[in-house]
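Undergrad: Here it is, the structure, as structure tokens.
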Amino acid sequence: MHEIKVVLTMDCEPTTATSHPAATGPTNWSGGEDAVLGYLEIAARYGLPVTFFVHPEAAAAQAVMFRDLERNGACLGLHMHPWKYALWRHRGKKYLAHYGGLTSAEQHELLAEASAIWADAIGHRPAYFRPGTFSANDSIFAVLESQGFRGGSCTALGRVIPEMQAIWVGGQPDPHRGHPAFRQARGNLNFANMPLSADFSRVLNGPANRNMYADFRPDVDWPGQYQVSYRTIATNIIKQVRERAPTVPVLSTITHNHYAYRDADDPVTLRCRTMLDEMMAACQAAGMNAKGATLREVADDVLAHPAAEDPFVCEGAIFDLAGERAELRHA
Ligand SMILES: [Zn+2]
């Protein structure tokens with residue numbers, strides 16, 4: 001394993017004027033545009049492309065910018081906080097929930113509806129997806145595949161926010177095909193999920209007493225609030241990926257479109273630069289070639305490999321499913 005894909009993502013939220021004053025998101029569209037273009041400029045200095053998950057309101061309001069970015073190599077996907085969409089489109093009378101709080105039928109209906117709005121703005125239907133808050137239930141991957149999506153970044157291993165239906169205990173840390181029945185399992189769907197990278201070496205005590213792991217995001221002041229440097233985060237994540245030796249090794253990170261990425265002295269901008277410097281240095285120290293990629297290329301890579309499903313295990317016995325009849329391989 002000598003090459004590792006580096007995937008930078010940004011969730012592009014609607015303005016707080018269209019959702020809720022306390023929600024995440026820029027206060028106005030020009031602030032959102034500055035964040036998007038500023039982040040893109042920083043990424044470009046490291047030779048890295050960006051994957052943008054765009055909420056339908058942002059796709060509609062900033063269609064010209066996002067179309068232009070896509071023409072220039074950015075990967076665009078759909079971002080969805082159902083409750084924000086509900087307030088914009090349905091006066092809160094429908095889909096007033098987190099994504100994981102929707103039934104399979106509701107997810108189908110919402111994705112069909114929102115994808116049509118997104119397609120009107122961007123010029124084609126979205127093929128990539130991220131649910132807001134990484135909120136999801138077991139229906140997510142089957143629904144996404146049947147709605148024509150081929151990839152997403154839908155999981156943050158270790159996240160436990162039950163009240164927002166975001167629970168990712170015991171899941172997959174590396175890119176894999178989604179499972180139709182169980183969200184934490186590797187499956188055989190033609191849908192590639194790219195988990196958010198995180199440093200699993202230490203559980204941190206986060207806001208509201210929630211346990212969490214450090215990740216690459218510049219949004220959080222890891223050194224100041226949790227006494228964890230970006231050097232430690234980068235070194236540990238790369239070491240852990242190498243130990244797992246996945247089929248598709250990836251370093252993926254997230255940020256949001258309400259930070260002042262065009263202000264070189266803004267604390268988040270400074271952390272972003274530090275994070276990228278440390279990520280690149282840690283890759284080099286580990287003898288890894290860091291290769292910029294979008295989610296599209298990660299999905300290409302995952303889907304080029306046959307499904308690697310977890311074996312069926314029962315009471316300590318493992319069954320070999322390769323032959324005509326399942327044989328007990330190891331008890
Ligand atoms: Zn979001």
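The values are calculated or read from the model by the stated rules, or taken from the named source; none is laboratory data. Values in this document were obtained by computation on a predicted structure and should not be read as measured data. Positions of Cβ are generated from backbone atoms using ideal geometry, with glycine treated the same way; all protein chains shown enter the neighbour counts. When the accessible area is computed, the model is the full protein with side chains, heavy atoms only, and any ligands, DNA or RNA have been set aside. Shrake-Rupley method; radii C 1.70, N 1.55, O 1.52, S 1.80 Å.
Undergrad: Do we have any residue at all in the stretch 256-277 that's on the phi < 0 side of the Ramachandran plot, in contact with a strand residue (DSSP E or B) (Cβ under 6 Å, 6 or more places away or on another chain) and open to solvent by less than 50 Å² (accessible area, probe 1.4 Å)? Reasoning before the result, please.
TA: Of the stretch 256-277, the ones on the phi < 0 side of the Ramachandran plot are 256-277.
In the following step, the residues that additionally are in contact with a strand residue (DSSP E or B) (Cβ under 6 Å, 6 or more places away or on another chain) were identified as 256-257.
Keeping just the survivors that are open to solvent by less than 50 Å² (accessible area, probe 1.4 Å) gives 256-257.
Yes, the stretch 256-277 has at least one match.
Undergrad: Run residue 121 past the list (1) within 16 Å of the ligand (Cβ to nearest atom); (2) out of contact with any His (no Cβ under 9 Å at 6 or more places or on another chain); (3) farther than 17 Å from residue 94 by Cβ and report the number of the one that doesn't hold.
TA: (1)
Undergrad: Could you list, in sequence order, all residues of the stretch 136-150 that are assigned to a loop (DSSP other than H, G, I, E, B) and within 26 Å of residue 244 (Cα to Cα)?
TA: First pass over the stretch 136-150, keeping only residues assigned to a loop (DSSP other than H, G, I, E, B): 136-139, 147-150.
The answer is 136, 137, 138, 150.
Undergrad: Sticking with this structure for a sec: Quick one: in the stretch 90-102, which of the residues that are open to solvent by 20 Å² or more (accessible area, probe 1.4 Å) and modelled with pLDDT of 95 or more is farthest from the ligand (Cβ to nearest atom)?
TA: To start, the set of residues in the stretch 90-102 that are open to solvent by 20 Å² or more (accessible area, probe 1.4 Å) comprises 90-91, 93-94, 96-98, 101.
If we keep only those that are modelled with pLDDT of 95 or more too, we end up with 90, 93-94, 96-98, 101.
Working: 90: 18, 93: 21, 94: 19, 96: 16, 97: 14, 98: 11, 101: 15 Å.
Among them, the one singled out is 93.
Undergrad: So, residue 245, is that one modelled with pLDDT of 95 or more and open to solvent by less than 30 Å² (accessible area, probe 1.4 Å) or not? It would help to see each step written out before you state the result.
TA: Details: modelled with pLDDT of 95 or more: yes; open to solvent by less than 30 Å² (accessible area, probe 1.4 Å): no.
In short, no.
Undergrad: Next question, about the same structure. Collect the residues in the stretch 1-25 that are touching a Ser or Thr at 6+ places or on another chain (Cβ under 6 Å) and within 12 Å of the ligand (Cβ to nearest atom), keeping them in residue-number order.
TA: 9, 10, 13, 23, 25
Undergrad: Looking for whichever is within 15 Å of the ligand (Cβ to nearest atom) and free of Cβ contacts under 8 Å to residues at least 24 places away in the same chain here; the options are 105, 58, 116, 86. Which one fits? So that I can check it myself, show each step before the final result.
TA: On the way: 105 fails: within 15 Å of the ligand (Cβ to nearest atom); 58 fails: free of Cβ contacts under 8 Å to residues at least 24 places away in the same chain; 116 fails: within 15 Å of the ligand (Cβ to nearest atom).
Just a single option satisfies the conditions, and that option is 86.
Undergrad: Where the second residue is in a loop (DSSP other than H, G, I, E, B) and away from the ligand (no atom under 16 Å from the Cβ) and the first is within 17 Å of residue 219 (Cα to Cα) and lies in the stretch 21-32, which pairs have Cβ atoms under 7 Å and are six or more apart or on separate chains?
TA: none
Undergrad: Is it true that some residue in the stretch 226-247 is in contact with a strand residue (DSSP E or B) (Cβ under 8 Å, 6 or more places away or on another chain), of a type in the set (Gly, Ala, Ser) and under 21 Å from residue 169 (Cα atoms)?
TA: No, the conditions are met nowhere in the stretch 226-247.
Undergrad: If a residue has to be of a type outside the set (Val, Ile, Thr), assigned to a loop (DSSP other than H, G, I, E, B) and open to solvent by 30 Å² or more (accessible area, probe 1.4 Å) to count, how many in the stretch 3-29 make the cut? Please lay out each step first, then the result.
TA: First, the residues of the stretch 3-29 that are of a type outside the set (Val, Ile, Thr): 3, 5, 8, 10-14, 17, 19-23, 25-26, 28-29.
Now drop any that are not assigned to a loop (DSSP other than H, G, I, E, B), which leaves 13-14, 17, 19-23, 25-26, 28.
From the residues that got through so far, the ones that are open to solvent by 30 Å² or more (accessible area, probe 1.4 Å) too are 17, 20-22, 28.
Looking only at that region, the number is 5.
Undergrad: Okay, moving on. Quick check on the stretch 107-119. Is at least one of its residues in a loop (DSSP other than H, G, I, E, B), surrounded by fewer than 17 Cβ atoms within 10 Å (Cβ to Cβ) and not small (Gly, Ala, Ser)? Write out each step before concluding.
TA: Residues of the stretch 107-119 in a loop (DSSP other than H, G, I, E, B): none.
No; the residues of the stretch 107-119 include none that is in a loop (DSSP other than H, G, I, E, B), surrounded by fewer than 17 Cβ atoms within 10 Å (Cβ to Cβ) and not small (Gly, Ala, Ser).
Undergrad: For the stretch 151-193, enumerate the residues that are part of a loop (DSSP other than H, G, I, E, B), touching a Phe, Trp or Tyr at 6+ places or on another chain (Cβ under 6 Å) and under 24 Å from residue 52 (Cβ atoms).
TA: Once the filter is applied, which keeps residues that are part of a loop (DSSP other than H, G, I, E, B), touching a Phe, Trp or Tyr at 6+ places or on another chain (Cβ under 6 Å) and under 24 Å from residue 52 (Cβ atoms), the stretch 151-193 yields 155, 156, 157, 159, 178, 189, 191.
Undergrad: Of the numbered conditions (1) outside any helix (DSSP H, G or I); (2) within 16 Å of the ligand (Cβ to nearest atom); (3) among the small types (Gly, Ala, Ser); (4) under 25 Å from residue 251 (Cβ atoms), residue 35 fails exactly one; give the number of that condition.
TA: Every condition holds for residue 35 apart from (1).
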